[in-house]
1. Students often forget the sequence filter, so: which lysines lie under 18 Å Cα-Cα from K32 once same-chain residues fewer than 8 apart are removed?
2. If you fit an axis through the alpha-carbon atoms of helix 77-92 and take the longest principal axis of the Cα set of the chain, what angle between them do you get, 0 to 90°, nearest 10?
3. Quick check: the angle from helix 103-113's long axis to the longest principal axis of the chain, C-alpha only, nearest 10 degrees?
4. Suppose all protein chains stay in the model; what accessible area per residue would a 1.4 Å probe give for the chain, in Å²?
5. Quick one: 3J(HN,Hα) in Hz for segment 10-19, Karplus 6.51/-1.76/1.60 with θ = phi - 60°, rounded, Gly and Pro as x.
6. Per DSSP helix of 4 or more residues, -39500 (n - 2.57); summed, then divided by the residues of the chain. What does that give at 222 nm, rounded to the nearest 500?
7. Report, to the nearest 10°, how far helix 175-189 tilts away from the longest principal axis of the Cα atoms in the chain, using its own Cα long axis and a range of 0 to 90°.
8. Charges only on Cβ, +1 for Lys and Arg, -1 for Asp and Glu: so what's the dipole of segment 72-121 about the Cα centre, in debye to the nearest 20?
Amino acid sequence: GYLHDLGKIAVPDEILKKGSNLTPAEWEIMKKHPVTGETICRPLKSLRLVLPIIRSHHEHSDGSGYPDGLAGETIPLGGRIIHACAAFHAMMSDRPYRPAIGVDQIINELRRQAGSQFDPRVVEALIAVVEQGEIDLANIRLESEPSVSTPSRQWRQQLETIDQLGARLGRETGVEQICRLTAEVAASLLPHDQARVYLVADDKR
């Protein structure tokens, strides 16, 4: 959930914060963010199960979504859940292009789009959670757009460095070279001028 919109760091602020409809060209830029987010996270083995969720969180049940035009059960369940929850959060929050709307309106909209934009089972599960009071609706209204959408220049540079490391490591097979590259990147990202990598041997030493 925290990472699904990470790819928006590559979307210019003037598009993210635009108070009117996007142009076709701007929309094409916006539609790239699921793939960008997947690409950023791909070098991290701990996130391998999250990658399909990040990539698919804008797919629609009827196949009209992006980036791959998946439909129905072919969309990873995590992507279907994030898609509905992100839509709920967006409608509950003030956005540059429109004010927040009421919970009843949101529920009606989710049900209206069930089967076309959203998975009907996910919609009903989400509504049940809302109606049972398991979500702090007041806090959602106070939240702004996630800070990942307006990253600092330093954060962008760090992500680019990590992305480049993944590409470089993919071309290496030697343990020494992999450790050297990893240490170089760690030293460049952290407030130190040196980094050391320790390997655990097969005998656990």
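The values are calculated or read from the model by the stated rules, or taken from the named source; none is laboratory data. Quick caveat: nothing in here was measured; it's all calculated off a predicted structure. In this analysis, Cβ positions are derived from the backbone assuming ideal geometry, glycine residues included, and neighbour counts consider all displayed protein chains. Surface accessibility is based on the protein's heavy atoms, side chains included, excluding ligands, DNA and RNA. Shrake-Rupley method; radii C 1.70, N 1.55, O 1.52, S 1.80 Å.
1. K8, K17, K18
2. 60
3. Its long axis makes an angle of about 80 degrees.
4. Ligands and nucleic acids excluded, the result is 62 Å² per residue.
5. 8, 9, x, 4, 5, 7, 4, 9, 5, x
6. Estimated from H runs of four or more residues: -15000 deg cm²/dmol.
7. Taking Cα atoms only, the helix is inclined about 60 degrees.
8. Here segment 72-121 has a charge dipole of around 40 debye.
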